[in-house]
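The values are calculated or read from the model by the stated rules, or taken from the named source; none is laboratory data. Since the structure is predicted, the reported quantities are computational estimates derived from the model, not experimental observations. Note that each Cβ is placed from the backbone with ideal geometry, even for glycine, and that neighbours are counted across all protein chains shown.
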């Protein structure tokens, strides 16, 4: 049986974008998740201080939702957790990239940079085969044997 929690953390590093929002605001926005081995069980997002997400966490931790549908990594998830503003400069150094640089004139020292830290609590996670050949093999095998194809796993995960 697939360890969905382990697969989530293994695959999230390859996800380019997901949808992040504060619960109750009714709005999710596209954000690029950043993970680092030094910060286990955490997902970081880099945004500007004036965004709705940055403003939402000014008063403290918020319950948030992160949704991923990424065919390239084979990860599909709807995860609830806690979103907070992080002032950890080391974490920002670890997750900063040339992509982030494109958004801020002053780089990671730009006064408008806001690092958000998401701590997953629970969610629905699905992982699928990322190989088209494997998928076609499973479908062909299922049609010949009348067994269900093995194209991945799905379940509830507690982080």
> For the subset of the range 142-159 comprising residues that are assigned to a helix (DSSP H, G or I) and exposed (fewer than 13 other Cβ atoms within 10 Å of the Cβ), which member is modelled with the highest pLDDT?
Replying inline: 145
>> Of the residues 68, 99, 87, 57, only one is more than 19 Å from residue 159 (Cα to Cα), out of contact with any helix residue (DSSP H, G or I) (no Cβ under 7 Å at 6 or more places or on another chain) and surrounded by 12 or more Cβ atoms within 10 Å (Cβ to Cβ); which?
In response: 57
> Of all residues in the range 121-136, which are modelled with pLDDT of 75 or more and either out of contact with any helix residue (DSSP H, G or I) (no Cβ under 7 Å at 6 or more places or on another chain) or part of a loop (DSSP other than H, G, I, E, B) (or both)?
Replying inline: 121, 122, 123, 124, 126, 128, 129
>> Condition check: in a strand (DSSP E or B) and touching a helix residue (DSSP H, G or I) at 6+ places or on another chain (Cβ under 8 Å). Does residue 63 satisfy that?
In response: no
> If you check 8, 45, which single one turns out to be in contact (Cβ under 8 Å) with a residue 12 or more places away in the chain and over 27 Å from residue 152 (Cα atoms)?
Replying inline: 45
>> Which residue is nearest to the chain's Cα centre (by Cα), if the candidates are limited to the range 4-33 and must be assigned to a strand (DSSP E or B) and under 14 Å from residue 80 (Cα atoms)?
In response: 18
> Quick check: is even one residue across the range 92-108 assigned to a helix (DSSP H, G or I), in contact with a strand residue (DSSP E or B) (Cβ under 6 Å, 6 or more places away or on another chain), farther than 19 Å from residue 19 by Cα and at pLDDT 95 or above?
Replying inline: yes
>> Report every pair of residues separated by at least 6 positions or lying on different chains whose Cβ atoms are under 9 Å apart, first residue within the range 101-118 and at positive phi and without any contact (Cβ under 8 Å) to a residue 40 or more places away in the chain, second in a loop (DSSP other than H, G, I, E, B) and surrounded by 15 or more Cβ atoms within 10 Å (Cβ to Cβ).
In response: 107/96
> Taking the range 106-121, which residues are surrounded by fewer than 19 Cβ atoms within 10 Å (Cβ to Cβ) and within 13 Å of the chain's Cα centre (by Cα)?
Replying inline: 119, 121
> Which condition number does residue 73 fail, the rest of (1) in a loop (DSSP other than H, G, I, E, B); (2) surrounded by fewer than 15 Cβ atoms within 10 Å (Cβ to Cβ) being met?
Replying inline: (2)
>> Suppose we filter 81, 21, 74, 60 for residues that are free of Cβ contacts under 8 Å to residues at least 40 places away in the same chain and touching a strand residue (DSSP E or B) at 6+ places or on another chain (Cβ under 9 Å); which single one remains?
In response: 60
